[in-house]
1. If you filter segment 242-345 for GluC sites (Glu not before Pro), then keep DSSP loop positions with at most 12 other Cβ within 10 Å, what is left?
2. What's the ranking of 291-301, 462-472, 494-504 by average number of surrounding C-beta atoms within 10 Å, highest first?
3. Once a ≥ b ≥ c are taken as the square roots of the eigenvalues of the Cα gyration tensor of segment 190-286, is the result rounded (a/c under 1.5), prolate (a/b larger than b/c) or oblate (a/b not larger than b/c)?
4. At R0 = 41 Å, how high is the FRET efficiency between residue 541 and residue 485 if r is their beta carbon distance? Nearest 0.05 is fine.
5. Apply the Debye scattering formula to segment 375-463, with a single equal point scatterer on each alpha-carbon and no solvent, then give log10 I(q)/I(0) at q = 0.16, 0.17, 0.20, 0.25 Å⁻¹.
6. What's the Kirkwood radius of segment 305-394 in Å, using all Cα pairs?
7. Where a ≥ b ≥ c are the square roots of the eigenvalues of the C-alpha gyration tensor, would you call segment 398-544 rounded, which needs a/c under 1.5, or, failing that, prolate if a/b is larger than b/c, or oblate?
Amino acid sequence: MRSSVSERSLIIESDDDDDDHPQSRSSAAARSRRRHHQHEEDSAAGSDSDSGSSSSSCGTPRGPATDSSYTQQWPQSYRQSIDILSSVQSPNLSFLGTPTLSRLSNSFRGKTPEIISNLVKPLLRPTTSDDHHHHHQQQPEERKSSQYLLPSRKPSLQQIPEDQKPVPVAHEVSPYHKCTYTQAVVNGINVLCGVGILSTPYAIKQGGWLGLVILCLFAILAWYTGVLLRRCLDSKEGLETYPDIGHAAFGATGRIAISIILYVELYACCIEYLILEGDNLSKLFPNAHLSVGSLTMNSHVLFTILTTIIVMPTTWLRDLSCLSYLSAGGVFASILGVICLFWVGVVDNVGFENKGTALNLPGIPIAIGLYGYCYSGHGVFPNIYSSLKKRNQFPSILFTCIGLSTILFAGAAVMGYKMFGEATQSQFTLNLPENLVVSKIAVWTTVANPITKYALTITPLTMSLEELLPPNQQKYSNIVMLRSALVVSTLLIALSVPFFGLVMALVGSLLTMLVTYILPCACFLAILRRKVSWHQVAVCSFIIVVGVCCACVGTYSSLSKIIQNYT
């Protein structure tokens, strides 16, 4: 779910005053009436409600989902954490704990600043009798400890001056929560174009030139399954995230299973980040080492540990929207990497002389996993769809995201393999000549990007685990220890299995095939079984069969090669 995920934030303003999709107007009007009723309850509750957070310029509306039983089960924090992971938005500085900086961050958006009555938002929920009464008076939407670790996406209209309140519209939520076409496209590309692009030349080396057909096939199928997710979201009231779809299709078991798969995929992306950092920093400083007594750490181990030490404090932040702003560099980093690769081949005269192999059957299973990893953004697509101004644009947005990303993937793959041939390594940055300035730019860009994305990528997992803690254990010290333990665990695995390409192929074969191809079709058939035509059943069955076959052969081949590296 990166593409590596992973991956994400930047302001893209638009003056378009788009309406919601016509098909959703009737249900949206009903939601508006419920929100109006809820607002009257909130007003009666007085000033007990939190008001110290500011809303994102592009996020998922929170109101309608509270009317559905789908969001009342674990994980309740999925939507909010994935929004911050994936959305291209303006930064929120409220994690610094000062109302001045919170208002400053709002002023950068060009929006009306909120009047903040609570100077510092508490980490843990108060347990007073007043709060208990207020909790029962409102629709339950609390996220346990997680709600205090990310800013609320619901603006407090009660505390905005009367003459500055937005005029309510019956069929839409607050315009602050609505994404334009351009914002949604950049969000989608930012999700897809992660570290997976680095291994596309290696994928051609493994499968040959004809392996690019697999890349194109996966792109087409990923677009189709993304549209299926939209159909699932529109099928029932209150569905907004991938776990919600799993709940609607297979009950609570489906919700939990899909959530675990998505979280494991994010966890694997964090492991990939650490392996990537160790590989590229050891390329920049190959002679670096550290000796502690009789123990000597080489450059790869040393830099992997140092990266972990650097990123660990970022996982302790209560508000990660500042990192979300920086991580929008994922799009920039991917484009810059391809430009640097092109520059090295054309301007610095490395050339494109290698002809390569047309087809390498033994390497096709690894290529399947590497190509599949590039399209692991489906865990985020429902969030993007839920935040759109004009939801009927989603198929076009999805086509644009996947199309542009595929062009970048194919461009990097072709140039990298033509330049380095059979010497192509798991990341094309490792093949770039060390003495060139452009090479250093590409490598340093690759190194910097995961540092900003690591905390955002692991936070959905940590927040879901924090939900499982007993209320009396949801202390900041316990949260820090839990997050630190997860970071250390990714370090141990990265040091134990330091094979970037093989780990990526394993994740792409096993997890991405499930998330991107198999589960969307299975959920679609389960939810809309009475409305599905025979040709849709045939297409979905074909995709499921392809996904299962690719998952089996790719997982077996990846695990076999990983084991071979130890024997």
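1. Answer in residue order: no site qualifies.
2. Details: 291-301: 12.2, 462-472: 16.3, 494-504: 20.8.
So the peptides 291-301, 462-472, 494-504, ranked by packing, come out 494-504, 462-472, 291-301.
3. Numbers: a/c = 3.17, a/b = 1.65, b/c = 1.92.
Oblate, since a/c reaches 1.5 and b/c is not below a/b.
4. 0.45
5. Here log10 of I(q) over I(0) equals -0.92, -0.98, -1.09, -1.22.
6. 18.1 Å
7. Working: a/c = 2.41, a/b = 1.07, b/c = 2.25.
It is oblate, given that a/c is not under 1.5 and a/b is not larger than b/c.
No value in this document is a laboratory result; all are computed from the given coordinates. Please read these numbers as outputs of a predicted model, since none were measured by experiment. Cβ sites come from the backbone with ideal geometry, for glycine too, and all protein chains shown count toward neighbours.
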